[in-house]
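Visitor: There's a structure below that I have some questions on.
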Amino acid sequence: MENTIRHNGIVESIEDGHIRVRIVQTSACAGCKVASHCNASEAKVKVIDVYQASPAGMKVGDSVVVSTSGRTAGKALLVGFGLPLLLLLAVLAAMLGTGFGEGTAALCALAVLVPYYIIIWLCRNSIARSVAFYIED
(Lines give C-alpha, C1' and ligand atoms only; values in the text may rest on other atoms or scores of the structure.)
Protein backbone atom coordinates (compact mmCIF):
# COMPACT_ATOMS: atom_id res chain seq x y z
CA MET A 1 0.00 0.00 0.00
CA GLU A 2 1.28 3.43 -0.95
CA ASN A 3 1.96 6.00 1.77
CA THR A 4 -0.54 8.81 1.99
CA ILE A 5 0.13 12.27 3.39
CA ARG A 6 -2.86 13.83 5.15
CA HIS A 7 -3.52 17.23 6.70
CA ASN A 8 -6.59 18.56 8.46
CA GLY A 9 -7.74 21.90 7.10
CA ILE A 10 -10.49 24.47 6.78
CA VAL A 11 -12.12 25.35 3.44
CA GLU A 12 -11.35 29.00 2.61
CA SER A 13 -13.06 29.30 -0.77
CA ILE A 14 -14.88 27.24 -3.36
CA GLU A 15 -14.99 28.16 -7.06
CA ASP A 16 -15.81 25.92 -10.05
CA GLY A 17 -13.69 22.88 -9.22
CA HIS A 18 -11.06 24.91 -7.33
CA ILE A 19 -11.12 24.60 -3.56
CA ARG A 20 -8.66 26.49 -1.35
CA VAL A 21 -7.96 24.77 1.97
CA ARG A 22 -6.00 26.37 4.83
CA ILE A 23 -3.83 23.93 6.78
CA VAL A 24 -1.51 24.39 9.74
CA GLN A 25 1.77 22.60 9.10
CA THR A 26 3.59 21.90 12.35
CA SER A 27 7.10 20.75 13.03
CA ALA A 28 7.60 17.33 14.59
CA CYS A 29 7.89 18.72 18.11
CA ALA A 30 5.08 21.32 17.94
CA GLY A 31 2.70 18.90 19.67
CA CYS A 32 5.04 18.48 22.65
CA LYS A 33 3.76 19.62 26.07
CA VAL A 34 6.74 21.93 26.56
CA ALA A 35 6.75 23.27 22.98
CA SER A 36 5.69 26.74 24.15
CA HIS A 37 8.92 26.99 26.14
CA CYS A 38 11.16 25.77 23.35
CA ASN A 39 12.42 27.63 20.30
CA ALA A 40 12.54 24.47 18.17
CA SER A 41 8.78 24.14 17.69
CA GLU A 42 7.08 26.03 14.90
CA ALA A 43 3.87 26.01 12.92
CA LYS A 44 3.12 27.52 9.51
CA VAL A 45 -0.24 28.29 7.93
CA LYS A 46 -0.38 27.23 4.28
CA VAL A 47 -3.09 27.31 1.64
CA ILE A 48 -3.50 24.22 -0.53
CA ASP A 49 -5.22 24.40 -3.92
CA VAL A 50 -7.39 21.36 -4.59
CA TYR A 51 -8.68 20.92 -8.14
CA GLN A 52 -11.69 18.64 -7.99
CA ALA A 53 -15.41 18.99 -8.19
CA SER A 54 -16.56 20.24 -4.80
CA PRO A 55 -18.40 17.52 -2.89
CA ALA A 56 -22.09 18.17 -2.37
CA GLY A 57 -22.81 20.18 0.73
CA MET A 58 -19.26 21.48 1.19
CA LYS A 59 -19.10 25.15 2.17
CA VAL A 60 -16.55 27.71 3.28
CA GLY A 61 -15.48 27.07 6.87
CA ASP A 62 -15.96 23.29 6.74
CA SER A 63 -13.28 21.09 8.27
CA VAL A 64 -11.80 18.66 5.72
CA VAL A 65 -8.89 16.25 5.32
CA VAL A 66 -6.56 17.00 2.39
CA SER A 67 -4.38 14.16 1.14
CA THR A 68 -1.86 13.24 -1.50
CA SER A 69 0.26 10.19 -2.20
CA GLY A 70 3.84 9.82 -1.09
CA ARG A 71 4.81 9.42 -4.74
CA THR A 72 3.25 12.80 -5.57
CA ALA A 73 5.10 14.42 -2.66
CA GLY A 74 8.35 12.90 -3.91
CA LYS A 75 7.71 14.28 -7.39
CA ALA A 76 7.12 17.75 -5.95
CA LEU A 77 10.34 17.56 -3.92
CA LEU A 78 12.28 16.44 -6.99
CA VAL A 79 11.03 19.35 -9.11
CA GLY A 80 11.36 21.93 -6.33
CA PHE A 81 14.64 20.91 -4.73
CA GLY A 82 16.32 17.86 -6.30
CA LEU A 83 16.65 19.00 -9.91
CA PRO A 84 17.76 22.54 -9.01
CA LEU A 85 20.43 21.12 -6.70
CA LEU A 86 21.72 18.78 -9.42
CA LEU A 87 21.68 21.63 -11.95
CA LEU A 88 23.57 23.91 -9.57
CA LEU A 89 26.20 21.28 -8.80
CA ALA A 90 26.63 20.35 -12.47
CA VAL A 91 27.19 23.96 -13.54
CA LEU A 92 29.52 24.56 -10.60
CA ALA A 93 31.59 21.48 -11.46
CA ALA A 94 31.67 22.35 -15.17
CA MET A 95 32.77 25.92 -14.49
CA LEU A 96 35.48 24.86 -12.05
CA GLY A 97 36.60 22.10 -14.41
CA THR A 98 37.08 24.55 -17.28
CA GLY A 99 39.32 26.79 -15.20
CA PHE A 100 37.01 29.55 -14.00
CA GLY A 101 37.56 31.01 -10.55
CA GLU A 102 35.44 29.92 -7.59
CA GLY A 103 33.53 33.21 -7.40
CA THR A 104 32.63 33.21 -11.08
CA ALA A 105 31.67 29.54 -10.96
CA ALA A 106 29.45 30.09 -7.91
CA LEU A 107 27.69 33.08 -9.51
CA CYS A 108 27.08 31.16 -12.75
CA ALA A 109 25.77 28.15 -10.81
CA LEU A 110 23.31 30.40 -8.96
CA ALA A 111 22.40 32.29 -12.13
CA VAL A 112 21.40 29.07 -13.92
CA LEU A 113 18.61 28.63 -11.35
CA VAL A 114 16.84 31.80 -12.57
CA PRO A 115 15.77 30.34 -15.94
CA TYR A 116 14.98 27.00 -14.25
CA TYR A 117 12.49 28.60 -11.88
CA ILE A 118 11.07 30.79 -14.66
CA ILE A 119 10.39 27.60 -16.65
CA ILE A 120 8.79 26.01 -13.57
CA TRP A 121 6.60 29.10 -13.16
CA LEU A 122 5.57 28.99 -16.83
CA CYS A 123 4.69 25.28 -16.48
CA ARG A 124 2.87 25.73 -13.16
CA ASN A 125 -0.54 24.71 -14.53
CA SER A 126 0.65 21.38 -15.89
CA ILE A 127 2.68 20.77 -12.73
CA ALA A 128 -0.40 21.53 -10.61
CA ARG A 129 -2.32 18.84 -12.48
CA SER A 130 0.38 16.22 -11.92
CA VAL A 131 1.08 17.15 -8.28
CA ALA A 132 -2.47 16.95 -7.03
CA PHE A 133 -4.18 17.08 -3.64
CA TYR A 134 -7.56 15.56 -2.90
CA ILE A 135 -10.23 16.08 -0.27
CA GLU A 136 -11.08 12.81 1.42
CA ASP A 137 -14.71 11.85 1.81
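Visitor: What number of residues within the range 99-129 satisfy the criterion of being under 25 Å from LEU89 (Cβ atoms), in a helix (DSSP H, G or I) and among the small types (Gly, Ala, Ser)?
Guide: 5
Visitor: Among the residues of the range 94-125, which ones are free of Cβ contacts under 8 Å to residues at least 24 places away in the same chain and open to solvent by less than 60 Å² (accessible area, probe 1.4 Å)? It would help to see each step written out before you state the result.
Guide: Residues of the range 94-125 free of Cβ contacts under 8 Å to residues at least 24 places away in the same chain: 94-111, 114-115, 118-119, 121-125.
The answer is ALA94, MET95, GLY101, GLY103, ALA105, ALA106, CYS108, ALA109, ALA111, CYS123.
Visitor: Any residue that is closer than 30 Å to GLU12 by Cβ, of a type outside the set (A, V, I, L, M), touching a Phe, Trp or Tyr at 6+ places or on another chain (Cβ under 8 Å) and open to solvent by less than 60 Å² (accessible area, probe 1.4 Å) - is there at least one of those in the range 75-84?
Guide: yes
Visitor: Can GLY61 be described as closer than 13 Å to ILE19 by Cα, surrounded by fewer than 15 Cβ atoms within 10 Å (Cβ to Cβ) and at pLDDT below 85? Walk me through it before giving the result.
Guide: Values: closer than 13 Å to ILE19 by Cα: yes; surrounded by fewer than 15 Cβ atoms within 10 Å (Cβ to Cβ): yes; at pLDDT below 85: yes.
For GLY61, the condition - closer than 13 Å to ILE19 by Cα, surrounded by fewer than 15 Cβ atoms within 10 Å (Cβ to Cβ) and at pLDDT below 85 - is met.
The values are calculated or read from the model by the stated rules, or taken from the named source; none is laboratory data. Computed from a prediction, not measured in an experiment: that's the story for all the values here. Every residue, glycine among them, receives a Cβ derived from its backbone with ideal geometry; neighbour counts consider all protein chains shown. SASA here: full protein model, heavy atoms, side chains in, ligands and nucleic acids out. Shrake-Rupley method; radii C 1.70, N 1.55, O 1.52, S 1.80 Å.
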